[in-house]
Amino acid sequence: MADFSIRRYKNSDYDAVRLMFAQGMLEQRSATCFYLLKMPRVNLFLLVAFTTFLVVSKSYLLSLICLASLLAVGWHLINSEVHQYVKRCHGEDLLDIEKSYMLNGSSCFWVAETERKLVGMVGVQAAQNSDGEIVLRRMSVAKDQRTHGIGKALCRTVIDFARKGGCKVVSLETSMVQYAAQKLYERVGFKEIKVMILPTLFGKLTNFSILYYTFDIK
Ligand SMILES: CC(C)(COP(=O)(O)OP(=O)(O)OC[C@H]1O[C@@H](n2cnc3c(N)ncnc32)[C@H](O)[C@@H]1OP(=O)(O)O)[C@@H](O)C(=O)NCCC(=O)NCCS
């Protein structure tokens, strides 16, 4: 891997940043599917559905087709949930990145690049209801550049920014299926402070959790 450098966001990064965010999030679809397929209640549901199809149709082939259709519907639901999330974020802070991150001293956005190609990104914003706290957001590294320390370097950039700005805490949230992100934050020194079930129907049905981390600036 070529050496990378980290610099502040420029408007010419706009499309690449939005694309990298979408790609990072869309990857979570398969992790979410694996998580669901490992749940006993999902296995039981699929077994009951398969047995019911078999009893009604008396055909293994038809029952397998019905089971495959159920799985396809499940994939479609997860896919549209993630697409909706990406669309929402593209319409919020990532709609005008310059305005959301670059116009005041308590927020910033950085990109990592190698040979003029964008390979990583991260942003911070002041926490809504807490003085001295900033929130790390939109961390992502290009798939073919991972595990080479870019994520850690982006985290350190955020921590340096917080320290220089006199902040006391950097906070962030990630999901239970973002295992690489959890490892990254823990390696950098973030501590998990709370786990909450996603407050949606999907979250309640599947116990899908959001993990909250903080890093205390010494
Ligand atoms: C999470 C992510 C940013 C990590 O970026 P990265 O550049 O690969 O991270 P680093 O190379 O700096 O790795 C940091 C630590 O995490 C560990 N790590 C990274 N990916 C890992 C994985 N898939 N499995 C286990 N450990 C992993 C590394 O081994 C390293 O630990 P070390 O210091 O012991 O070597 C990247 O995987 C990514 O973009 N994921 C998709 C988007 C996403 O989930 N973003 C997080 C939003 S909250």
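The values are calculated or read from the model by the stated rules, or taken from the named source; none is laboratory data. The structure presented is a predicted model; accordingly, all values stated were derived computationally and were not measured. No Cβ is skipped: glycine too gets one built from the backbone with ideal geometry, and neighbour counts run over all protein chains shown. To get the accessible areas, we keep the full protein, side chains included, count just its heavy atoms, and leave off ligands, DNA and RNA. Shrake-Rupley method; radii C 1.70, N 1.55, O 1.52, S 1.80 Å.
Which of the residues belonging to the range 112-125 are open to solvent by less than 50 Å² (accessible area, probe 1.4 Å) and either under 18 Å from Ile217 (Cα atoms) or touching a residue at least 60 places away in the same chain (Cβ under 8 Å) (or both)?
Step one: filter the range 112-125 for residues open to solvent by less than 50 Å² (accessible area, probe 1.4 Å), giving 112-114, 118-125.
Once the filter is applied, which keeps residues that are open to solvent by less than 50 Å² (accessible area, probe 1.4 Å) and either under 18 Å from Ile217 (Cα atoms) or touching a residue at least 60 places away in the same chain (Cβ under 8 Å) (or both), the range 112-125 yields Ala112, Glu113, Thr114, Leu118, Val119, Gly120, Met121, Gly123, Val124, Gln125.
Taking the range 78-111 as the range and being without any contact (Cβ under 8 Å) to a residue 40 or more places away in the chain and either in contact with a helix residue (DSSP H, G or I) (Cβ under 6 Å, 6 or more places away or on another chain) or over 15 Å from Gln23 (Cβ atoms) (or both) as the test, the residues that pass are Ser80, Gln84, Arg88, Gly91, Glu92, Leu95, Asp96, Lys99, Ser100, Leu103, Asn104, Ser107.
Pick out the one residue from Lys143, Lys168, Lys183 that is over 19 Å from the mean Cα position of the chain (by Cα), farther than 16 Å from Ser107 by Cβ and assigned by TED's automatic domain parsing to the domain that holds Gly132. Outline the logic, then answer.
Details: Lys143 fails: over 19 Å from the mean Cα position of the chain (by Cα); Lys183 fails: over 19 Å from the mean Cα position of the chain (by Cα).
Unique residue meeting the criteria: Lys168.
Number of residues in the range 138-151 that are open to solvent by 70 Å² or more (accessible area, probe 1.4 Å) and within 6 Å of the ligand (Cβ to nearest atom): the value is 3.
Within the range 68-99, the set of residues being more than 17 Å from the chain's Cα centre (by Cα), open to solvent by 30 Å² or more (accessible area, probe 1.4 Å) and closer than 28 Å to Ser5 by Cα comprises Leu95, Asp96, Glu98, Lys99.
Residue by residue, here is whether (1) under 18 Å from Leu205 (Cα atoms); (2) open to solvent by 40 Å² or more (accessible area, probe 1.4 Å); (3) in a helix (DSSP H, G or I) holds:
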{"residue": "Ile6", "(1), (2), (3)": "no, yes, no"}
{"residue": "Asp15", "(1), (2), (3)": "no, yes, yes"}
{"residue": "Phe21", "(1), (2), (3)": "no, no, yes"}
{"residue": "Arg29", "(1), (2), (3)": "yes, yes, yes"}
{"residue": "Asn43", "(1), (2), (3)": "yes, yes, yes"}
{"residue": "Val48", "(1), (2), (3)": "yes, yes, yes"}
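Per the conditions (1) open to solvent by 60 Å² or more (accessible area, probe 1.4 Å); (2) within 33 Å of the chain's Cα centre (by Cα); (3) of a type outside the set (Phe, Trp, Tyr), the sole criterion not satisfied by Val55 is (2).
It is to be established whether one or more residues within the range 163-172 are more than 7 Å from the ligand (Cβ to nearest atom), open to solvent by less than 10 Å² (accessible area, probe 1.4 Å) and farther than 16 Å from Met20 by Cβ.
The answer is yes; a qualifying residue exists.
Could you list, in sequence order, the residues of the range 191-218 that are among the charged types (D, E, K, R) and within 20 Å of Ala181 (Cα to Cα)? Lys191, Glu192, Lys194, Asp216, listed by residue number. Would you please name the residue that is surrounded by the fewest Cβ atoms within 10 Å (Cβ to Cβ), looking only at residues in the range 188-213 that are part of a strand (DSSP E or B) and within 14 Å of the ligand (Cβ to nearest atom)? Looking at the filtered set, the residue picked out is Glu192. Here Val135 passes the criteria (1) open to solvent by less than 70 Å² (accessible area, probe 1.4 Å); (2) farther than 28 Å from Cys33 by Cβ; (3) more than 16 Å from the chain's Cα centre (by Cα); (4) not charged (D, E, K, R) except the one numbered (3). Among the criteria (1) of a type outside the set (Asp, Glu); (2) more than 17 Å from Arg8 (Cα to Cα); (3) within 11 Å of the ligand (Cβ to nearest atom); (4) part of a strand (DSSP E or B), the one Tyr185 does not fulfil is (4).
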